[in-house]
Amino acid sequence: MLDGKRILLIIAGGIAAYKALDLIRRLREGGAEVRCILTRSGEQFVTPLAVSALSGDKVYRDLFSLTDEAEMGHIRLARDPDMIVVAPATADLMARMRVGRSDDLAAAVLLATDKPVLLAPAMNHRMWLHPATRNNLAVLESRGVLRVGPDSGDMACGEHGVGRMAEPAAIVAVVTARLAGSGRLAGRRALVTSGPTIEAIDPVRFIANRSSGKQGHAVAAALAHLGARVTLVSGPVDLDDPPGVAAIHVDSAEQMLAACRAALPVDVAVCAAAVADWRIANRADQKIKKGDDGPPSLDLVANPDILATLSRPGPGRPILVVGFAAETSDLIENARVKRDRKGCDWIVANDVSPASGTFGGDHNKVVLISNDAPSEWPRMDKRAVAERLAERIADALEAAS
Ligand code: CTP
């Protein structure tokens, strides 16, 4: 699957570095050429000899090595590979990436590259949860850096929590999905919206809805799995970012629209977010106090319609725009009307009445409304709905090209 692909593996310093050896082996078994950079702290955990023996190449370690620079300068190291994988990605290296440091070979290469970068973070769970790390990661992901893991479980430091490096097989799966020409959506770009949006009333209160983001996140994962380069723009949800997807986190509809615009151009856009239809016009800058005048009245103003905006004809319109229709009655008819009103190509209609258990649940029963006759899919888990939709999207894009 990875025949002829060139991977630059950066091994930073963490106990999980031992798994990088297995990763090298698996990538090479998949047909990839693997070149490795071992950081100074990485050398504390695995030896250059082991890395070199497994990769079948010399190991790059020093930004200022005269021989390395003459043979394979750091700019070439940054530009040659099809993908750069950082495993383990430590909190320190991510912090240095965020601010654009170039104080060692790994950081300099990451700063100089224009190739996709996949991070496999590994660290103590408190380091992972620290606002500094969260913030650094959010910035990196907003720049399109990909991530896989970390997993949760027992850690080498004796604690338990989220922070274990993803297993090598999972990392290889993301690399393969991203790079393998076999992915039906390889070379395609996709944009997915997911989750609710929340609209502030004042600094502490907001209006929200019950969207879990499960369906939208599953669509993003399924598209990425077929090889698409996916940007996921998500409102606040209690879900991990899907592996191999560039996730951008927003709160409000206006922020979601801005992030979607920034992600264009794409081949396909799937709007699965439950965008709030209205926001507060008279939003307070300070917390509203209970005065003598009784409860405040909230003036609402319409939010931009992201799906309709992306569907608007014109240069740069995605080849395919897919919306979801959350309905509680007259599913097909309401969804048809919605498709015409918004100008999208397909609508995935789903029943979100409380009895359906769709909102927040793991299953969905949908009807795909396109130019053809409505296609009713059986009740499936949301991941299966997403996989089927991704295959249909791949069919449509292939037919269009
Ligand atoms: N949508 C959007 N931006 C909005 C509202 C909705 O992009 N401001 C998208 C949703 O992501 C979904 C589709 O439009 O793909 C339909 O959303 P839905 O909530 O079913 O419809 P509404 O437009 O909100 O219409 P109504 O509430 O009247 O059913």
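Can you tell me which residue within the stretch 231-266, out of those that are in a loop (DSSP other than H, G, I, E, B) and out of contact with any strand residue (DSSP E or B) (no Cβ under 8 Å at 6 or more places or on another chain), is farthest from the ligand (Cβ to nearest atom)? Spell out how you get there, then give the answer.
Applying the first criterion (in a loop (DSSP other than H, G, I, E, B)) to the stretch 231-266 yields 235-245, 250-252, 264-266.
Still in the running and out of contact with any strand residue (DSSP E or B) (no Cβ under 8 Å at 6 or more places or on another chain): 238-240.
Values: Asp238: 19, Leu239: 17, Asp240: 21 Å.
So, considering only residues that are in a loop (DSSP other than H, G, I, E, B) and out of contact with any strand residue (DSSP E or B) (no Cβ under 8 Å at 6 or more places or on another chain), the one farthest from the ligand (Cβ to nearest atom) is Asp240.
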Check: For Ala107, all conditions in the list (1) surrounded by fewer than 19 Cβ atoms within 10 Å (Cβ to Cβ); (2) in a helix (DSSP H, G or I) hold save one; what is the number of the exception?
Finding: (1)
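Suppose we filter the stretch 121-137 for residues that are over 11 Å from Ala95 (Cα atoms) and either among the small types (Gly, Ala, Ser) or free of Cβ contacts under 8 Å to residues at least 24 places away in the same chain (or both); how many remain?
At the first step, the residues of the stretch 121-137 found to be over 11 Å from Ala95 (Cα atoms) are 121-131.
Checking the rest, the ones that are also either among the small types (Gly, Ala, Ser) or free of Cβ contacts under 8 Å to residues at least 24 places away in the same chain (or both) come to 122, 131.
Qualifying residue count, the stretch 121-137: 2.
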Note to self: Would you confirm whether or not the stretch 56-67 contains a residue that is under 26 Å from the mean Cα position of the chain (by Cα), modelled with pLDDT under 95 and assigned by TED's automatic domain parsing to the domain that holds Arg26?
What the structure shows: no
Note to self: Among the residues of the stretch 287-300, are any within 15 Å of the ligand (Cβ to nearest atom) and surrounded by fewer than 21 Cβ atoms within 10 Å (Cβ to Cβ)?
What the structure shows: yes
Next item on the list: Among residues belonging to the stretch 333-350 that are more than 18 Å from Ala276 (Cα to Cα) and open to solvent by 50 Å² or more (accessible area, probe 1.4 Å), point out the one that is nearest to the ligand (Cβ to nearest atom).
Entry: Asn334
Next item on the list: Filter the stretch 370-393 down to residues that are assigned to a loop (DSSP other than H, G, I, E, B) and hydrophobic (A, V, I, L, M, F, W, C) and give me whichever is surrounded by the fewest Cβ atoms within 10 Å (Cβ to Cβ).
Entry: Ala373
Check: What pairs can you find where one residue is in the stretch 88-112 and in the same structural domain as Ile24 (by TED's automatic domain parsing) and on the phi > 0 side of the Ramachandran plot, the other is assigned to a helix (DSSP H, G or I) and hydrophobic (A, V, I, L, M, F, W, C), and their Cβ atoms are less than 6 Å apart, with a gap of 6+ or different chains?
Finding: Gly100/Leu111
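Check Arg184, Arg178, Arg205, Arg189 and return the single one that is of a type in the set (D, E, K, R) and surrounded by 20 or more Cβ atoms within 10 Å (Cβ to Cβ).
On the way: Arg184 fails: surrounded by 20 or more Cβ atoms within 10 Å (Cβ to Cβ); Arg205 fails: surrounded by 20 or more Cβ atoms within 10 Å (Cβ to Cβ); Arg189 fails: surrounded by 20 or more Cβ atoms within 10 Å (Cβ to Cβ).
Just a single option satisfies the conditions, and that option is Arg178.
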Note to self: What's the number of the only condition in (1) farther than 20 Å from Asn209 by Cα; (2) aromatic (Phe, Trp, Tyr); (3) near the ligand (Cβ under 8 Å from one of its atoms) that Phe324 fails to meet?
What the structure shows: (1)
Checklist line | Failed item in (1) crowded, with 20+ Cβ neighbours inside 10 Å; (2) closer than 26 Å to Pro354 by Cα, with Pro236 passing the rest | finding: (1)
Item checked: Residues within the stretch 351-361 that are near the ligand (Cβ under 9 Å from one of its atoms) and either in a strand (DSSP E or B) or under 13 Å from Ser311 (Cα atoms) (or both), tallied -> 0
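Restricting attention to the stretch 208-225, report how many residues are of a type outside the set (Gly, Ala, Ser), in contact (Cβ under 8 Å) with a residue 60 or more places away in the chain and open to solvent by less than 20 Å² (accessible area, probe 1.4 Å).
Here is the first cut: in the stretch 208-225, the residues of a type outside the set (Gly, Ala, Ser) are 209-210, 214-215, 217, 219, 223, 225.
Keeping just the survivors that are in contact (Cβ under 8 Å) with a residue 60 or more places away in the chain gives 209-210, 214-215, 219, 223, 225.
Then keep just the ones that are open to solvent by less than 20 Å² (accessible area, probe 1.4 Å); that gives 215, 219, 223.
The qualifying residues number 3.
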Item checked: Which numbered condition Ala91 fails, given (1) of a type in the set (Gly, Ala, Ser); (2) more than 22 Å from Thr133 (Cβ to Cβ); (3) touching a Ser or Thr at 6+ places or on another chain (Cβ under 9 Å) -> (2)
Margin query: Conditions first: (1) among the hydrophobic types (A, V, I, L, M, F, W, C); (2) in contact with a Pro (Cβ under 9 Å, 6 or more places away or on another chain); (3) farther than 23 Å from Leu137 by Cβ. Ala220 passes all but one, so which condition is the exception?
Written below: (3)
Notebook entry, point to check: In the stretch 301-321, what residues are more than 7 Å from the ligand (Cβ to nearest atom), of a type in the set (Val, Ile, Thr) and in contact with a strand residue (DSSP E or B) (Cβ under 9 Å, 6 or more places away or on another chain)?
Noted result: Val301, Ile319, Val321
Next item on the list: Filter the stretch 359-394 down to residues that are charged (D, E, K, R), over 19 Å from Leu191 (Cβ atoms) and out of contact with any Asp or Glu (no Cβ under 9 Å at 6 or more places or on another chain), then give me how many there are.
Entry: 4
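Go over the candidates Gly235, Gly163, Gly158 one by one and state the one that is touching a helix residue (DSSP H, G or I) at 6+ places or on another chain (Cβ under 7 Å) and at positive phi. Walk me through how you get there before you give the answer.
Working: Gly235 fails: at positive phi; Gly158 fails: touching a helix residue (DSSP H, G or I) at 6+ places or on another chain (Cβ under 7 Å).
Answer to the selection: Gly163.
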Margin query: Let me confirm something: among Ile15, Ile10, which residue is crowded, with 24+ Cβ neighbours inside 10 Å and not small (Gly, Ala, Ser)?
Written below: Ile10
Next item on the list: Take the stretch 18-55 and flag every residue that is open to solvent by 30 Å² or more (accessible area, probe 1.4 Å), in a strand (DSSP E or B) and within 16 Å of Ala106 (Cα to Cα).
Entry: Arg35
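The values are calculated or read from the model by the stated rules, or taken from the named source; none is laboratory data. As the structure is a computational prediction, the values presented were derived from the model and not from experiment. Note that each Cβ is placed from the backbone with ideal geometry, even for glycine, and that neighbours are counted across all protein chains shown. All accessible areas refer to the heavy atoms of the entire protein, side chains included, with ligands and DNA or RNA removed. Shrake-Rupley method; radii C 1.70, N 1.55, O 1.52, S 1.80 Å.
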